[in-house]
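*Asks:* Following this message is one structure expressed as structure tokens.
The values are calculated or read from the model by the stated rules, or taken from the named source; none is laboratory data. From a predicted model like this one, the values you see are computed outputs, not experimental measurements. Don't worry about glycine lacking a Cβ; one is built from the backbone with ideal geometry, like all the others, and counts go over all protein chains shown. Ligands, DNA and RNA are stripped out before the accessible areas are found, and what is left, the full protein with its side chains, is counted by its heavy atoms. Shrake-Rupley method; radii C 1.70, N 1.55, O 1.52, S 1.80 Å.
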Amino acid sequence: MPDLALSSVLLRSISPMVFSRSMAVSSWVSAVLLLAAASGAGGFYLPGVAPADFQKKDPLPVKVNKLTSTKTQLPYSYYSLPYCRPDTIVDSAENLGEVLRGDRIENSPYVFEMREPQMCRIICKITLNDKDVKEFKEKIEDEYRVNMVLDNLPLVVPIKRLGQETSNFYQLGFYAGAKGQPTGNKDVKYYIHNHLSFLVKYHKDAQLDLARIVGFEVSPFSVKHEHDGQWNGNKTRLSTCDPHAKRTVVNSNTPQEVEVNKDIIFTYDVEFQESDVKWASRWDTYLLMTDDQIHWFSIVNSLMIVLFLSGMVAMIMLRTLYRDISKYNQLETQEEAQEETGWKLVHGDVFRPPTNSDLLCVYVGTGVQFFGMLLVTMLFAVLGFLSPSNRGGLMTAMLLLWVFMGLFAGYSSTSLYKMFKGTEWKMITLRTAFTFPGIVFAIFFVLNALVWGEKSSGAVPFTTMFALVLLWFGISVPLVFVGSYLGFKKPAPEDPVKTNKIPRQIPEQPWYMNAVFSILIGGILPFGAVFVELFFILTSIWLHQFYYIFGFLFLIFLILIVTCAEITIVLCYFQLCSEDYQWWWRSYLTSGSSALYLFLYATFYFFTKLNITKLVSAIMYFGYMLIASYSFFVLTGTVGFYACLWFTRLIYSSVKID
């Protein structure tokens, strides 16, 4: 069963990060915490954070992780392919987030000794049958990568940047093999990477004979090994790779083809290289950001939107309050008088409960729950508590925070429900606890069944599914009930103006104030504030890259909240001026419609950036993006609703209605 202790997740997830330009955006507090956690002798370390020190010849066990592909998005366990196996396969303890990500970390037959170079070590020899050949060819065709871990550092392949000989970028994992068409041969051949040249970088203590691992790289080769005499296991002397003759593998000129009933010999080299990089900064090379100018452009672009909307809100507020105080003085134009009369005329209906008010209460409560979860998660991430080195930590924290934020969901939904003069608060509580999670869980269950049908390690096992249901029913639902009880017990705020018994007739609206049109227009600016950052998030999720610039993300999140609030206030004001008092649902849908643009952008991203080949993978992509868009709708809609509620209560409480 996964470890569900929030304290353990948060404390264990603290790890050294890169103090690059992007991290300066995060917070100076992050630097203080991380420097404290990564300092040398006498330094302070939280549980699970202290680095591992290795003496010379200490064993360094290499662990294997899942096989991943950007073409299928379906992870598989390492030993789903007939690779060399240790005597006993042992699974490493995994947290909830790791299981949901499809991580399957296991031991491997690769064992290094600290600062002891090895050359042409034989692991094993295997003979492929028809099934093995088919599986290898499928994985090579789908460009699957093999992932390994050493001292919690993922294995990377350094790749030269175009036009920059001295600069590398790092690809997570190495390809299982390659395919090619030999000269004079029409058939496509598949070759396996059976020789791995590892490079372990270490930082040595200046005083003690201890070292810490700061890098784990590999160069994969496909080599058709040959040997003299009979096979003698690991002691066999190879003619293609011989440590005695100092003959190493430097190319794949004679590659090992994947064929039935052909022997494949797996070998590896290990080289150790001293590095100036300290343990606290060992993630620098993994997380080096060269596109920070794009993020700054995104923030400046979003700030321009916010400033424009802030100017409009300020004009509306100042103009409205000023005219309310001046009481239609003679300097007002006829046009201005008519405009003010517009929103004042509907004072007797503006706080009339809307149709389907129960459902609105449910979605507002869910939005508060989602907002609280994101806010706390981002604060932890900005402070460095949720770094990429803690696999699954981000997802685990989000799930647990979602569960605990059920308290605020129940409080918000029943508070609003009581303001609508409702009495059946228990029914609202049940709907709040089950509507959004139930829809998401249903979609997730169907997607998981499809992944399970593909025999992928990405399929969530029954025990984890049971843990999710236990979190939902055992913790989240009771907390929603507690919050609902407290929210319903609190006296409801009085409306600034009295509501008439007979609803006022809404005059015919101009085309630009049509509900559908104004709602669709309202979602453009919130989406415009986040779409640049959205590209990097999608790339991180679907192209298996690190996303760590939580400082930028937190700024974009704040800008999104402000944008949603301001665009809703502006359009709500125009709506009231047109004597349309049915603003409750429209305020929610105005900013919430940005979720539609998010899903459309995800569709555009699918066809332009991804190379997904399988139908199941495409269904999985759109299923998860539907969940993300639905969540975005709930979040932005709730922000817009509360902004509009605050605005209407403010303007109608500031005037005296005759």
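*Asks:* The conditions are (1) open to solvent by less than 30 Å² (accessible area, probe 1.4 Å); (2) within 28 Å of GLY215 (Cβ to Cβ); (3) touching a Gly at 6+ places or on another chain (Cβ under 8 Å), and PHE136 fails exactly one of them. Which is it?
*Replies:* It is condition (2) that PHE136 fails.
*Asks:* Which of the residues that make up the stretch 64-91 are more than 19 Å from PHE136 (Cβ to Cβ) and open to solvent by 30 Å² or more (accessible area, probe 1.4 Å)?
*Replies:* Those that are more than 19 Å from PHE136 (Cβ to Cβ) and open to solvent by 30 Å² or more (accessible area, probe 1.4 Å): ASP87, THR88, ILE89, VAL90, ASP91.
*Asks:* Please tell me if SER591 is of a type in the set (S, T, N, Q) and either surrounded by fewer than 24 Cβ atoms within 10 Å (Cβ to Cβ) or in contact with a strand residue (DSSP E or B) (Cβ under 8 Å, 6 or more places away or on another chain) (or both).
*Replies:* no
*Asks:* Only one of these is open to solvent by 10 Å² or more (accessible area, probe 1.4 Å) and free of Cβ contacts under 8 Å to residues at least 40 places away in the same chain: LEU600, LEU555. Name it.
*Replies:* LEU600
*Asks:* If the requirement is being free of Cβ contacts under 8 Å to residues at least 40 places away in the same chain and surrounded by fewer than 20 Cβ atoms within 10 Å (Cβ to Cβ), which of these qualifies: ILE521, ILE506, ILE541?
*Replies:* Checking each option against the conditions leaves just ILE541.
*Asks:* Given the options PHE444, PHE370, PHE436, PHE351, name the one that is in a loop (DSSP other than H, G, I, E, B) and either small (Gly, Ala, Ser) or open to solvent by less than 50 Å² (accessible area, probe 1.4 Å) (or both).
*Replies:* Matching residue, one of PHE444, PHE370, PHE436, PHE351: PHE351.
*Asks:* Taking the stretch 551-609 only, how many residues are part of a helix (DSSP H, G or I) and either among the hydroxyl-bearing types (Ser, Thr, Tyr) or farther than 25 Å from VAL300 by Cβ (or both)?
*Replies:* Number of matching residues: 27.
*Asks:* Within the bounds of the stretch 633-641, is there any residue that is open to solvent by 10 Å² or more (accessible area, probe 1.4 Å) and closer than 17 Å to VAL368 by Cα?
*Replies:* Within the stretch 633-641, one or more residues are open to solvent by 10 Å² or more (accessible area, probe 1.4 Å) and closer than 17 Å to VAL368 by Cα.
*Asks:* Restricting to the stretch 181-207, name every residue that is surrounded by fewer than 17 Cβ atoms within 10 Å (Cβ to Cβ) and in contact (Cβ under 8 Å) with a residue 40 or more places away in the chain.
*Replies:* LYS189, LEU199, LYS204, ASP205
*Asks:* To continue, here is another question. Which pairs do you get when a residue that is touching a residue at least 24 places away in the same chain (Cβ under 8 Å), found in the stretch 53-71, comes within reach of a residue that is in a loop (DSSP other than H, G, I, E, B) and among the hydroxyl-bearing types (Ser, Thr, Tyr), reach meaning Cβ atoms under 7 angstrom, with the pair 6+ apart or on two chains?
*Replies:* Hits for this filter: LYS63/SER92; LYS66/SER77; LYS66/SER457; LEU67/TYR144; THR68/TYR144; SER69/TYR144; LYS71/THR613.
*Asks:* Could I ask something else about it? So, in the stretch 477-519, exactly how many residues are more than 26 Å from GLY406 (Cα to Cα), in a helix (DSSP H, G or I) and either at pLDDT below 80 or not hydroxyl-bearing (Ser, Thr, Tyr) (or both)?
*Replies:* Final tally of qualifying residues: 6.
*Asks:* Here's a follow-up. Give ARG431, ARG391 a once-over and let me know the one that is open to solvent by 50 Å² or more (accessible area, probe 1.4 Å), closer than 27 Å to VAL460 by Cα and charged (D, E, K, R).
*Replies:* ARG431
*Asks:* Name the residues in the stretch 101-114 that are open to solvent by less than 30 Å² (accessible area, probe 1.4 Å) and either among the acidic types (Asp, Glu) or within 26 Å of THR236 (Cα to Cα) (or both), would you?
*Replies:* ASP103, GLU106, SER108, TYR110, PHE112, MET114
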